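**Student:** Quick one: this structure, given as structure tokens, is what I'll be asking you about.
The values are calculated or read from the model by the stated rules, or taken from the named source; none is laboratory data. The structure presented is a predicted model; accordingly, all values stated were derived computationally and were not measured. Positions of Cβ are backbone-derived with ideal geometry, glycine not excepted, and every protein chain shown enters the neighbour counts. Calculation scope for accessible area: heavy atoms of the full protein, side chains included, ligands and nucleic acids excluded. Shrake-Rupley method; radii C 1.70, N 1.55, O 1.52, S 1.80 Å.
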Amino acid sequence: MQTAIDLLIGGASLGGIYALIALSLSLSLATTHVLNVAHGPLMVLGAALATLLVQVFRLDPALSILILAATFALVGVLFEAVFVGPILHKAAETILISSIIVTFGLALTIETLLGYYWARFVHPEPSFSLALPVPHLQVGGIIVSTQRLLILAFAAVAIGAFHLLLRRTAVGKAARALAQDYEGALIVGVNPRAVSRVIFALGILFTAIAGAFYVLTVPLNPYEGIWLTLVALIVVVIGGVGRLPGALLGGIVLGMVQVLAAFFVGPRWSPIMFLLVLFLVLVIRPQGLLERRR
């Protein structure tokens, strides 16, 4: 029972993180046609900054999260202004291809600079991980990891915030309009630049904080960012572009696959299992698990 509870909570917590980063990537793709290959490296960068603030500078974790949020909200605004704004008026295919090329270069730059400067100024072997001094919970003889529960709570709050944004605010309604019919939204007066600023600021902010929570259980190194982008894309394929329920389902599926694969056959098999899940979805339901066949 203890093992089953550990696997369930571990898979759900990882799945929540995967769902969150996939949702922010999917929203930007659906509303602006921008595919941000640097999405994963930005998550690793958030994990690195959190590790630096908490483990090296010994700041309070709550204060570190606030600093992290403010920093990456600004990074999101700058990212939109530099990489998204100049190409947003072009055709959808041009936006997609240009964004892949430009953000791939950005991803490589982040990985290289982060690895080099961390090794030079912080530690010769770059690795990002956090450990909060919180006791485990014991319920009826079952020990539950408090850190994993914190990850679950963060993912639930962040995904709930995205849901409220999309359903209850003018920006969210404009984003859904752009995702459903881009040209029609432009005709009725939706400003894609205003929407993209909010989407990228919030998306990169939550992605960076997700990186900080992710390394509470799984260490990262500077060169795993592009793999995390691929994980987010797999979730998007499983759940469908721009769909919150699909992102949740896809994230939970991959989280459980990773935990079960690590437990039964070893952690090195997790990437192979991810690609196997992607292959099966593309063969059986290429439109996504929750999308209707057209």
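**Student:** Once you have a ≥ b ≥ c as the square roots of the Cα gyration tensor eigenvalues for the range 1-124, tell me rounded if a/c is under 1.5, and otherwise prolate or oblate according to whether a/b is larger than b/c.
**Tutor:** oblate
**Student:** Further, regarding this structure: About its Cα centre, what dipole magnitude does the chain give when the only charges are +1 on Lys and Arg Cβ and -1 on Asp and Glu Cβ, stated in debye to the nearest 20?
**Tutor:** 600 debye
**Student:** Run the numbers for ALA131 and ALA69: contour at 0.36 nm per residue of separation, minus the present Cα-Cα distance, in nm. Walk me through the intermediate numbers first.
**Tutor:** Values: separation 62, 0.36 × 62 = 22.32 nm, distance 1.93 nm.
Taking 0.36 nm per residue and subtracting the Cα distance, the gain is 20.4 nm.
**Student:** Would you pull out the residues with amide H under 5 Å of VAL144's amide H, same chain only if 5 or more places away, H placed 1.01 Å from N?
**Tutor:** Here the answer is LEU137, GLN138, VAL139, since their amide H atoms fall under 5 Å of that of VAL144.
**Student:** Counting only the heavy atoms of the protein chains, how much of SER127 is accessible to a 1.4 Å probe, in Å² to the nearest 10?
**Tutor:** 60 Å²
**Student:** Short version: what are the Cα gyration tensor semi-axes of the range 68-172, square root of 5 times each eigenvalue, largest first, in whole Å?
**Tutor:** 35, 26, 12
**Student:** Here's another thing I want to ask about it. For the range 192-294, just the Cα set please: Rg and Dmax, both in angstrom.
**Tutor:** Gyration radius and largest Cα-Cα distance of the range 192-294: 15.0, 47 Å.
**Student:** Right, another one. Could you quote the convex hull projected area for the range 115-246, Cα atoms only and averaged over all directions, in nm²?
**Tutor:** Details: hull surface 46.0 nm².
If I average the Cα hull's projected area over directions, I get 11.5 nm².
**Student:** Give me the accessible area of HIS163, 1.4 Å probe, in Å² rounded to the nearest 10.
**Tutor:** Its accessible surface works out to 80 Å², give or take rounding.
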